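Encoded as structure tokens, the structure appears first; notes follow it.
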Amino acid sequence: MDWNTRVTQLLEIDYPIIQGGLAHLAYSDLAAAVSNAGGLGQITAMSLPGPESLKMEIRRVKQMTDKPFGVNFAIGQHGRPFEEMVKVAVEEKVPAISVTGGNPKGVLDMVKGEPIKTLVLVAARRQAIKAEELGADAVMVVGQEGGGHLGRSDTGTFVLTPQVSDDVSIPVIASGGIVDGKGLMAALALGAEGIEMGTRFIATEECLAAHEIYKKAILEADEEDTVVIKRSIGAPARALKNEWTGKILQLEEQNVGYERLKDYISGEANKNYIIKGKEHEGFGWAGQSAARIHDLPPVHTLISDIINEAEEIRNKWN
């Protein structure tokens with residue numbers, strides 16, 4: 001099967017598969033593994049301590065692969081400036097960047113004129129149209145099935161993807177609820193030209209930062225084992241259901257506001273679970289697609305399996 005789409009052409013990759021930004025988890029080992037397997041791996045910039053750490057991670061990826069990779073900027077969620085980090089990405093001549101979690105204009109303006117491909121994560125049709133107007137090379141469309149931060153509406157990937165692909169001229173990448181070849185083929189049928197996966201790449205050998213307890217919880221989850229937290233403060237995000245998220249939802253039912261919630265929804269609480277394995281002292285992001293994840297393969301096996309399954313489906317259609 002010919003995997004040549006505008007996404008593979010834009011990013012100069014073999015397969016239209018992109019690894020999500022994955023706060024606190026997406027570092028050089030995972031990024032390089034995804035890129036070496038024919039997709040686009042990414043480093044999470046804003047989880048790093050500062051510009052020097054980002055520079056080291058970028059250079060480490062370059063030592064591990066000669067394939068294109070990206071740097072993700074999750075702006076607006078970490079309460080810190082991104083400008084110095086973006087400067088590093090420009091200086092290090094990274095092939096691609098993605099912007100998630102806020103208004104992408106500041107980042108896009110900083111890389112304008114540079115030979116860097118730009119991707120923007122959107123959760124609504126109007127956001128996609130705006131991203132194209134601001135000069136993004138492609139948009140990644142996340143439906144409410146996804147893990148981590150979502151749009152404020154409950155629109156699913158199956159509806160949002162064709163809506164956006166009908167309304168923008170730049171390539172669309174589907175995200176949310178996709179873990180396998182079935183999801184890839186569905187995304188292409190909906191008008192997307194590639195997929196982004198987050199939760200699926202956590203459950204791999206090369207996601208070294210993720211604690212085994214977190215990975216095990218993803219493997220054991222079914223379709224009802226995630227919940228949306230932070231909806232009461234206008235920042236909905238999907239996480240694995242556990243005792244901690246239960247406390248968060250109880251507080252939200254009381255409409256206590258950000259100040260009462262902040263310790264429960266902090267980056268530290270997130271890291272307690274996903275990195276330290278303290279499942280009773282924090283939370284871990286995951287999409288509904290965790291229900292379809294049953295193994296912890298090396299990345300190259302995962303991508304090969306996705307492509308093989310997609311090609312089997314295509315052959316059945318002929």
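Here are a few things to note about the model shown:
- Residues of the stretch 23-66 that turn out to be surrounded by fewer than 20 Cβ atoms within 10 Å (Cβ to Cβ), not in a helix (DSSP H, G or I) and not β-branched (Val, Ile, Thr), as a count: 6
- Qualifying residue in the stretch 255-270 (condition: surrounded by 15 or more Cβ atoms within 10 Å (Cβ to Cβ), of a type in the set (Lys, Arg) and farther than 15 Å from Ala237 by Cα): no
- Among the conditions (1) in a helix (DSSP H, G or I); (2) crowded, with 18+ Cβ neighbours inside 10 Å; (3) small (Gly, Ala, Ser), the only one that Ala136 does not satisfy is (1).
- Among the residues making up the stretch 179-210, those that are within 20 Å of Asp29 (Cβ to Cβ) and outside any loop (DSSP other than H, G, I, E, B) are Glu196, Met197, Thr199, Arg200, Phe201, Ile202.
- Breaking point among (1) out of contact with any Lys or Arg (no Cβ under 6 Å at 6 or more places or on another chain); (2) over 28 Å from Lys93 (Cα atoms); (3) not in a helix (DSSP H, G or I), for Pro162: (3)
- Test: residue in the stretch 226-242 that is among the hydrophobic types (A, V, I, L, M, F, W, C) and touching a His at 6+ places or on another chain (Cβ under 7 Å): yes
- Subset tally (residues that are among the basic types (Lys, Arg) and within 13 Å of Ala203 (Cα to Cα)) for the stretch 267-318: 1
- Top-ranked residue in the stretch 1-22 [being out of contact with any Asp or Glu (no Cβ under 8 Å at 6 or more places or on another chain) and farther than 20 Å from Ala136 by Cβ; ranked as surrounded by the fewest Cβ atoms within 10 Å (Cβ to Cβ)]: Asp2
- Val164 vs. criteria closer than 20 Å to Gly21 by Cβ, in the same structural domain as Ser35 (by TED's automatic domain parsing) and of a type in the set (Val, Ile, Thr): yes
- Cβ-Cβ under 6 Å pairs, at least 6 apart or on other chains, the stretch 36-55 side closer than 16 Å to Asn72 by Cβ, far side crowded, with 22+ Cβ neighbours inside 10 Å and polar (S, T, N, Q): Gly41/Gln19; Gly41/Ser35; Gln42/Gln19; Gln42/Asn72; Thr44/Asn72
- Restricting attention to the stretch 160-174 and to residues that are within 22 Å of Arg314 (Cβ to Cβ) and touching a helix residue (DSSP H, G or I) at 6+ places or on another chain (Cβ under 7 Å), the residue that is surrounded by the fewest Cβ atoms within 10 Å (Cβ to Cβ) turns out to be Pro171.
- Any hit, the stretch 230-249, residues being surrounded by fewer than 18 Cβ atoms within 10 Å (Cβ to Cβ) and either assigned by TED's automatic domain parsing to the domain that holds Thr204 or within 29 Å of Asn36 (Cα to Cα) (or both): no
- Counted residues, the stretch 146-159 - those being surrounded by 23 or more Cβ atoms within 10 Å (Cβ to Cβ) and either part of a strand (DSSP E or B) or not aliphatic (A, V, I, L, M) (or both): 4
- Screening Glu196 on (1) touching a residue at least 12 places away in the same chain (Cβ under 8 Å); (2) outside the structural domain of Asp305 (by TED's automatic domain parsing) shows it passes everything except condition (2).
- For the stretch 211-318, the helices (runs of 4 or more DSSP H) that sit wholly inside it and include 3 or more residues that are over 30 Å from Asn4 (Cα atoms) are 212-220, 243-253, 258-261, 267-274.
The values are calculated or read from the model by the stated rules, or taken from the named source; none is laboratory data. Owing to the predicted nature of the structure, the values given are computational and were not obtained by experimental measurement. Note that we place each Cβ from the backbone using ideal geometry, even for glycine, and neighbour counts take in every protein chain shown.
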